[in-house]
1. I'd like to compare 46-58, 495-507, 608-620: which one has the highest average count of other Cβ atoms within 10 Å, and what's the full order after that?
2. Could you line up ARG28, ARG319 from fewest to most neighbouring Cβ atoms inside 10 Å?
3. Across the Cα atoms of the stretch 553-600, what radius of gyration and what greatest pairwise Cα-Cα distance (Dmax) are found, in Å?
4. If you put +1 on each Lys and Arg Cβ and -1 on each Asp and Glu Cβ, how big is the dipole of the stretch 255-398 around its Cα centre, in Debye rounded to 20?
5. If a/c stays under 1.5 just call it rounded; otherwise compare a/b with b/c (prolate if a/b is bigger, oblate if not). Do that for the stretch 375-475, with a ≥ b ≥ c from the square roots of the Cα gyration tensor eigenvalues.
6. Would you mind checking which residues have amide H under 5 Å from LYS782's amide H? H placed 1.01 Å from N; only 5 or more apart, or other chain.
7. Given H placed on each backbone N at 1.01 Å, which residues far from MET426 in sequence or on other chains put an amide H within less than 5 Å of it?
8. About the Cα centre of the chain, what is the dipole size in debye to 20, counting +1 per Lys and Arg Cβ and -1 per Asp and Glu Cβ, all else neutral?
Amino acid sequence: MLFSTISTTASADVNSKASKATNENDLRLWYESPAEDSYNGWEKWSLPIGNGYMGASVFGGVNRERVQLNEKTLWSGGPSASRPDYNGGNITSNAIVNANGVNVPIMKAIQDAFARGDTATANSLCNKLTGVSDDAGVKGYGYFLSYGNMYLDFKNSATASNITDYVRDLDLYTATSTVNYKYDNVNYNREYFISYPDNVMVTKLSASEGGKLSLDVNIEPDNTRGGGPNTNNGYGRTFTKTSKDGLITVAGKLTDNQLKFNSQTKVINTGGTITDLADGKVNVTNADEVVIITSIATDYKNDYPKYRTGESDAELAARVSKKVIDATKKGYAGLKESHLADYQEIFSRFDLDLGQTPSSIATDKLLKKYNDGTAPESEQRDLEVMLFQYGRYLSIASSRDGSLPSSLQGVWAGGNNSPWHADYHMNVNLQMNYWPSYSTNMAETALPLIDYIESLREPGRVTAEIYAGIKSDDENPENGFMAHTQNTPFGWTAPGWSFDWGWSPAAVPWILQNVWEYYEYTGDVEFMREKIYPMLKEEAVLYEQMLIEDPETGKLVCSPAYSPEHGPRTNGNTYEQSLIWQMYEDVITAAKLVGEDPAKIEKWENIQKKLKGPIEIGTSGKIKEWYEETTLGSLGQKGHRHMSHLLGLFPGDLISVDTPELLEAAKVSLNDRGDQSTGWAMGQRINTWARVGDGDCAYSLIRTLFKSGILTNLWDTHSPFQIDGNFGMTSGVAEMLVQSNMGYINLMAAMPDKWANGSLSGLIARGNFEIGMEWKDKQATKFTITSNNGGECIAKYENIGLSIVKDSKGNLVNYKALENEKISFDTVKCETYTITNIPGSKLEAPIKLNTIEVQIMLLI
Ligand code: FUC
Ligand code: CA
């Protein structure tokens, strides 16, 4: 085995993979040198672990190990003693006096100006339709901050140049990172994981000889501004650090908003001695093995308007302390077992085989070979499957029930000045973070998103009242909430401080698609009734009041509008109209399912019918992005990274293979946008080309993404590092394999030539059907469909109407052959159906017989 040399130093339990793995390097990111100790090293080379609440990035330094620590709620901004009037960024006096001397929200005045044909006034009034500017960093927009670093300073003379067999890795089967090397004939091993069930980070140090571990353990809060724009990011903090009985306690608060934080790090030695040092570090001398347990928390709570748990310093400390004490009692083996059980239960649900062979070269080298075209096919597949599964890994690591959702950088920040504040952007980014959650069988990782969007309702009502004049009160409770391009965990729902990037009310209808899809995939009606429908309904009610009649067409339009992030300012656009259409589509379906609000359903159906657009084809044969667009490029920029006018194709349902004319126009628009773009934008293009049904185009986008959008640690880069593109890639691959948004399961929907042979299991289609597939020479040989909820299954594949369907007992299942290569059959909950004997696509004009006859014919 070529790769055996790199595994000799790892301890046995680290190498024991889930049963699927056939090879040490299967789904393993690995490198032969440490990440450089710098921001650049963090961004491109460090390896991320996390449990939704906490994140850490392992550098793997030889003499000095650095583990960057993150806690998802450590945010500056929001309510503060220094900002008694914090109001989520809303400008409270956002009203103007109209010609009649009456106060009206600016939005209304802009609409009136558009209606009068006075676009100059409309344009200039848009400049007022903003939130509070927080360029100076004092109004409370805030930053996701870095907690700090754990440093392990080893007391030997090992350096990068006098050791051998150095390997650090991240194993996606075990969600564990290790560092291994050989120094002076001793094998040293470090292991790191963050457990969700126990909410602690566990570090284990071992060596092949006793008494070899001597080091100082240090937790260093991040009290530096960090590089980047010269703003006040609120990084400053006061804290105390003490060590006692091997426990390092850091306790303090952020100066900006008085947010309390506490971390406790317990150092446990086997053999040797342990000493508390005066500066709050812990020294270990001559130990055989060391286990370090870390837990971090803040007193943040996603509860408007205070956003605090109300805990005292002592109560917060006690909460963290309990985690560490419980984990210490449980011990390393027990912690590892719980971590693996929890993580693998989710991760192992989806398996993808594209004929890959795990490469025997380090991941950064493989990436290079992939990009310069010298990697053999099987290694190309290896990297493609790895990036796909990495997106699933990153979801599980950055978004778990009870945590805030995954932000622009998941749960990782390498300093206090993260790009775009590492916030929640909703004009594409947060949506993309959750595109793969359901189809790749990790629905529970989307719960933080659903909770978070729900938490925007209360502050969002204030924004709706101030900006759109739509008020929620006792008479009209839950009368509509608004949020825009960017928001924070402190309910910042105001538009941004510049209209042109900041105004985007349709961001909420858009993110509600991610919320609604939880129901579509899981079929959990009760959850939908309690949690999802009320959100959709409130938004539908908002738009009942916000839509106005377009003076030219008499249709309903939301105005003003701005296509992210290139405008221009118009009276409605395709972005907003198609998202509003989809929101009504989903809320109507939801209301019918829960059997509520018949009057509303009628009203919403009328509104939906009267919507301007949503999709129009222009003179250049493209999907128009603006209704006043003449030829391609006559408004806005050609080739722009955002594809907001194509949201009806993906993730929406307005344009599909079933609307060929619109689909053709969408292709013109897609080609106009081009392949080369920023990381997330290429992620979006993969999904969109997959919906076109063009697997080769989608595949070529994956190659382009690898070339210019993937860093050596396989994080996606915009640039800089932005995690959405990772999730976009994973979702895109799932869309290439199977689609289910058009009322049926479209099997092998967009297979590229490069993936001619393969198999998969565990892909989820809407209706909670779990799909397995096997294919050879691009021809399906077998489908399995497990019906998790029962109900009718409609599946589409070429010649599927001539195949054989059997249940798990081998009984033939009677199906109806439908038009357009579809079949339909009733399913029993928890039963698995196998579809085989699918005639190859070469078959000429298959005669459609009734099912029984076909099955009999094929059996004899
Ligand atoms: C959107 C994009 C940018 C960037 C930012 C975080 O506004 O247009 O490219 O990804 O989000
Ligand atoms: Ca949909």
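1. 46-58, 495-507, 608-620
2. Least to most surrounded, the residues fall as ARG319, ARG28.
3. 14.1, 41
4. I would put it at about 380 debye.
5. On the way: a/c = 2.79, a/b = 2.19, b/c = 1.28.
Since a/c reaches 1.5 and a/b is larger than b/c, the shape of the stretch 375-475 is classed as prolate.
6. Amide H neighbours of LYS782, under 5 Å, 5+ apart: GLU774.
7. GLN486, ASN487
8. Taking the Cα centre of the chain as origin, the dipole is about 920 debye.
Throughout, read-outs are computed from the coordinates displayed, never taken from laboratory work. From a predicted model like this one, the values you see are computed outputs, not experimental measurements. Every residue, glycine as well, gets a Cβ built from its backbone with ideal geometry; the counts of neighbours run over all protein chains shown.
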